[in-house]
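Engineer: Below is the structure I would like to discuss, written out as structure tokens.
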Amino acid sequence: MSNVYESWLAGLRETVKEVEPEEASRAAAGGSAVLIDIREQDEIASGSPRGATRIARGFLEMKIPALAASLDLPIYVICAAGSRSLAATDSLQSMGYRNVRSVKGGYGAWVKQGLPVETPLMLSGEERIRYSRHLKIPEVGEAGQLKLAASKVLLVGAGGLGCPAAYYLAAAGVGTIGLIDDDVVDRSNLQRQILHTDARVGKKKVDSARETLLALNPGIKCLTFDTRLSVSNAESIFKQFDIVLDGTDNFQARYLINDACVKLGIPNVHGAVFQFEGYATVFSPERHNGPCYRCLYPEAPPPELAPSCAEAGVLGVLPGVVGLLQAVEAIKLIIGIGKPLVGRMLSYDALNAEFSEYEAKRSHECPVCAINRESIQLQEVAPVCAL
Ligand SMILES: [Zn+2]
């Protein structure tokens, strides 16, 4: 029977152009051609031509139109030894692609000739199952999931906003979640701070939160900072992360978070809740040219006008809604999809079930984001209190 296969391959060689790996490498490096590695996941896991597009053979015909808009685009197809690529090239030709070539000898020859290779970052089998609902959304897909895995998000406050946000970020596969909080779990927290449990009353919030997050998703890292955010530690902690989620409820902390984020050029996903009302926005002057917190509120109100966490009541579910809005925005920023909540303050009135939006403009007179980032001086902060 092997003769049938051999003669079929011989037939393909009459209609398909084969090229040496070197030619494909040169063309792909030039940027005017695409090189498609059609091998399976487990084969690619140990190496693939550098810069190649990877589409498993079974999906080639389905996915090629999105990759090659023109039927004249030069396409080089590579497999392990140069046989599967013959059949794939033949198939692309029959679809109408006029400029397709098969790489002779496949990846084996490519490696033997010392051409550039890379080991692509890939999801494991377990991760493919865990994140399968993400992988089914083209805007996320494997590339988006890998971005989530590589991302580092810091939650300031493991409280009402930080808990739901961290829970879903962990579930979504954000690779590194940082938590900063120096508080211990109190029974009155449990009405909304869903990472903690009754049995953990009296334990450190960061330890309790970490335990719950890792139980949900053991594949992520959780860094804890059992400390009070201050002028002396804000920068050194923040710079280990790509995005900061502000889950604090006092003005002093908000200003410190804002100023440190602006100084380091890190987006600050902001949320706030009070009784039945919640607010969310993204402060990102550096990346999105949007406003920062001080563009809207240059200075803190006097203490007597600012409700503190101890006395402000809140409907327990509300920080869940707002914390998850923050988590959604963080995920969008990481993957780079959608329209971020920049320059817009989203407000949620739970009693009337109304969402409204206010424009938030960048100020050219802002004491923080309108000046040179290096010259920003962090100011002393009162204890961080997470609602
Ligand atoms: Zn500003």
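Engineer: Could you tell me which of the residues Pro267, Pro298, Pro285, Pro291 is in contact with a His (Cβ under 9 Å, 6 or more places away or on another chain) and within 15 Å of the ligand (Cβ to nearest atom)? Reasoning before the result, please.
Structural biologist: On the way: Pro298 fails: in contact with a His (Cβ under 9 Å, 6 or more places away or on another chain); Pro285 fails: in contact with a His (Cβ under 9 Å, 6 or more places away or on another chain); Pro291 fails: in contact with a His (Cβ under 9 Å, 6 or more places away or on another chain).
It is Pro267.
Engineer: Still on this structure: Quick check on my filter: what residues within region 169-196 are buried (at least 20 other Cβ atoms within 10 Å of the Cβ), out of contact with any Phe, Trp or Tyr (no Cβ under 9 Å at 6 or more places or on another chain) and assigned to a helix (DSSP H, G or I)?
Structural biologist: Leu169, Ala170, Asn189
Engineer: Say we look at region 328-368 and pick out the residues that are part of a strand (DSSP E or B) and closer than 20 Å to Leu256 by Cα; which of these is nearest to the ligand (Cβ to nearest atom)? Outline the logic, then answer.
Structural biologist: In the first step, residues of region 328-368 are kept if they are part of a strand (DSSP E or B); the result is 342, 344-349, 354-359.
Now restrict to residues that are closer than 20 Å to Leu256 by Cα: 342, 345.
Details: Val342: 12, Met345: 14 Å.
Among residues in region 328-368 that are part of a strand (DSSP E or B) and closer than 20 Å to Leu256 by Cα, the one nearest to the ligand (Cβ to nearest atom) is Val342.
Engineer: Would you confirm whether or not region 197-213 contains a residue that is more than 28 Å from Arg130 (Cβ to Cβ), buried (at least 24 other Cβ atoms within 10 Å of the Cβ) and not small (Gly, Ala, Ser)?
Structural biologist: no
Engineer: Gly323: more than 16 Å from the ligand (Cβ to nearest atom), within 19 Å of the chain's Cα centre (by Cα) and either in contact (Cβ under 8 Å) with a residue 12 or more places away in the chain or outside the structural domain of Val231 (by TED's automatic domain parsing) (or both), yes or no? Before you say what the answer is, go through the steps one by one.
Structural biologist: On the way: more than 16 Å from the ligand (Cβ to nearest atom): yes; within 19 Å of the chain's Cα centre (by Cα): yes; either in contact (Cβ under 8 Å) with a residue 12 or more places away in the chain or outside the structural domain of Val231 (by TED's automatic domain parsing) (or both): yes.
Answer is yes for this residue.
Engineer: Also, quick follow-up: So which of Ala149, Ala143 ends up being part of a helix (DSSP H, G or I), modelled with pLDDT under 95 and either over 30 Å from Tyr255 (Cβ atoms) or not assigned by TED's automatic domain parsing to the domain that holds Leu315 (or both)? Walk me through how you get there before you give the answer.
Structural biologist: Working: Ala149 fails: modelled with pLDDT under 95.
That would be Ala143, the only listed residue that is part of a helix (DSSP H, G or I), modelled with pLDDT under 95 and either over 30 Å from Tyr255 (Cβ atoms) or not assigned by TED's automatic domain parsing to the domain that holds Leu315 (or both).
Engineer: Do we have Leu92 as under 30 Å from Ala330 (Cβ atoms), in contact (Cβ under 8 Å) with a residue 12 or more places away in the chain and hydrophobic (A, V, I, L, M, F, W, C) here? Walk me through it before giving the result.
Structural biologist: Details: under 30 Å from Ala330 (Cβ atoms): no; in contact (Cβ under 8 Å) with a residue 12 or more places away in the chain: yes; hydrophobic (A, V, I, L, M, F, W, C): yes.
Judged against the criteria, Leu92 is not a match.
Engineer: Here's something else I'd like to know. Would you confirm whether any residue within region 230-238 is acidic (Asp, Glu) and either within 16 Å of the ligand (Cβ to nearest atom) or more than 20 Å from Glu374 (Cβ to Cβ) (or both)? Please lay out each step first, then the result.
Structural biologist: As a first pass, look at region 230-238 and keep what is acidic (Asp, Glu): 235.
Within this subset, residues satisfying the condition of being either within 16 Å of the ligand (Cβ to nearest atom) or more than 20 Å from Glu374 (Cβ to Cβ) (or both) are none.
Checked against the condition, which is being acidic (Asp, Glu) and either within 16 Å of the ligand (Cβ to nearest atom) or more than 20 Å from Glu374 (Cβ to Cβ) (or both), region 230-238 yields no hits at all.
Engineer: Checking Ala166 against (1) at pLDDT below 95; (2) assigned to a helix (DSSP H, G or I), which single condition isn't satisfied?
Structural biologist: Here Ala166 meets the rest and fails (1).
Okay, residues lined up against (1) within 12 Å of the chain's Cα centre (by Cα); (2) free of Cβ contacts under 8 Å to residues at least 12 places away in the same chain:
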{"site": "Lys136", "(1), (2)": "no, yes"}
{"site": "Ala143", "(1), (2)": "yes, yes"}
{"site": "Val156", "(1), (2)": "no, no"}
{"site": "Gly162", "(1), (2)": "no, no"}
{"site": "Ala166", "(1), (2)": "no, no"}
{"site": "Gly173", "(1), (2)": "yes, no"}
{"site": "Gly178", "(1), (2)": "no, no"}
{"site": "Asp183", "(1), (2)": "no, no"}
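Engineer: Tally the residues that are assigned to a loop (DSSP other than H, G, I, E, B) and of a type in the set (Phe, Trp, Tyr), restricting the search to region 77-136. Break it down into steps so the answer makes sense when it comes.
Structural biologist: From region 77-136, those assigned to a loop (DSSP other than H, G, I, E, B) are 79-83, 96-99, 104-105, 113-116, 119-124, 131, 136; that's our starting set.
Checking which are of a type in the set (Phe, Trp, Tyr) leaves us with 97, 131.
Total satisfying the criteria: 2.
Engineer: Further, regarding this structure: Please determine whether any residue of region 58-66 is modelled with pLDDT of 95 or more and not in a helix (DSSP H, G or I).
Structural biologist: No: region 58-66 contains no residue that is modelled with pLDDT of 95 or more and not in a helix (DSSP H, G or I).
Engineer: Looking at region 57-83, I want the residues that are polar (S, T, N, Q) and have a partner that is part of a helix (DSSP H, G or I) with Cβ atoms under 9 Å, at least 6 apart or on another chain. Which pairs are those?
Structural biologist: Ser83/Tyr5; Ser83/Leu9; Ser83/Leu12; Ser83/Gly106
Engineer: Failed condition for Ile243, given (1) at pLDDT 95 or above; (2) within 12 Å of the ligand (Cβ to nearest atom), with all others met?
Structural biologist: Tallying (1) at pLDDT 95 or above; (2) within 12 Å of the ligand (Cβ to nearest atom), Ile243 fails exactly one: (2).
The values are calculated or read from the model by the stated rules, or taken from the named source; none is laboratory data. What you see is a predicted model; the values in this text were computed from it and never measured. No Cβ is skipped: glycine too gets one built from the backbone with ideal geometry, and neighbour counts run over all protein chains shown.
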